[in-house]
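For reference, the structure discussed in these notes is given below.
The values are calculated or read from the model by the stated rules, or taken from the named source; none is laboratory data. Since this is a predicted model, take the numbers as computed values, not measurements. Using ideal geometry, Cβ is built from the backbone for each residue, glycine included, and neighbour counts are taken over all protein chains shown. Keep in mind that these areas ignore ligands, DNA and RNA; they rest on the heavy atoms of the full protein, side chains included. Shrake-Rupley method; radii C 1.70, N 1.55, O 1.52, S 1.80 Å.
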Amino acid sequence: QVQLEESGGGLVQVGGSLRLSCTPSGSITSITGMGWHRQAPGKQRELVATILKSGSAYYADSAKDRFTVSRDNGNGTAFLQMNSLKPEDTAVYYCYAVVAGWGRFLDVWGQGTLVTVSS
């Protein structure tokens, strides 16, 4: 029932900033956490950041001190503020939500947005 609409990707120079957004629809009260994974060509998908419903946040080491994840408690939209971007941040970023249902957790994914950091 949960769907995610993701936006905010684009082309940015080294050291620049972007803000990604992910807006859920459907049974948003069942969402226990949201965040982003990213995948670059030839590499495995990796978790970038997660924010729980409580507001607690987790970051990959590569994102700490540069990225900030937050969430609007009103409409459930998650944001990923990315600063001091590096070429190695270039990837398709996929928003995800962890949804509780039927006594288990399910992962729901956004459509992805491309972030390209030029050197």
Residues of segment 90-119 with amide nitrogen under 14 Å from the 7 Å Cα-to-Cβ point of T32? 97-108
Which of P24, P87, P41 fluctuates most in a GNM of the chain (C-alpha springs under 10 Å)? That residue is P41
Taking placed amide H atoms and a strict 5 Å upper bound, the residues 5 or more places from T77 or on another chain that come that close are D72
Please list, in chain and number order, the residues 5+ apart from V48 or on another chain whose amide H is under 5 Å from its amide H, with Hs placed from the backbone. W36, H37, R38
Reduced to Cα centres, the span from segment 103-117 to segment 1-64 in Å works out to 7
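Under 8 Å for C-alpha pairs, at least 6 residues apart: give me the relative contact order for the chain, rounded to a whole percent.
Reported relative contact order: 36 percent.
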Dipole magnitude (debye, nearest 20) for the chain, charges at Cβ of Lys, Arg, Asp, Glu: 120
Using θ = phi - 60° and Karplus 6.51 cos²θ - 1.76 cosθ + 1.60, couplings along segment 111-119 (whole Hz; Gly, Pro as x): 7, x, 9, 8, 10, 10, 10, 8, 8
Residue by residue through segment 69-76, the couplings from Karplus 6.51 cos²θ - 1.76 cosθ + 1.60 with θ = phi - 60°, in Hz, x for Gly and Pro, are 9, 9, 8, 7, 5, x, 9, x
Name the residue farthest towards the positive end of the dipole of the chain from the options V48, T32, V115, assuming +1 on Cβ of Lys and Arg, -1 on Cβ of Asp and Glu, about the Cα centre. T32
Of all C-alpha pairs within the chain, those more than 20 angstrom apart amount in percent to 37
Under-5 Å amide H pairs with V2, H placed in peptide plane, nonlocal only: S27
Residue by residue through segment 36-50, the couplings from Karplus 6.51 cos²θ - 1.76 cosθ + 1.60 with θ = phi - 60°, in Hz, x for Gly and Pro, are 9, 9, 9, 9, 9, x, x, 10, 6, 5, 10, 6, 9, 7, 9
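How much of the accessible area of the chain, in percent, comes from carbon and sulfur atoms when a 1.4 Å probe is used? Write out the running numbers ahead of the final one.
Working: 3250 of 6560 Å².
The C+S portion of the solvent-accessible surface of the chain is 49 percent.
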I'd like to check one number: the per residue accessible area of the chain, probe 1.4 Å, reported in Å² as a whole number. 55
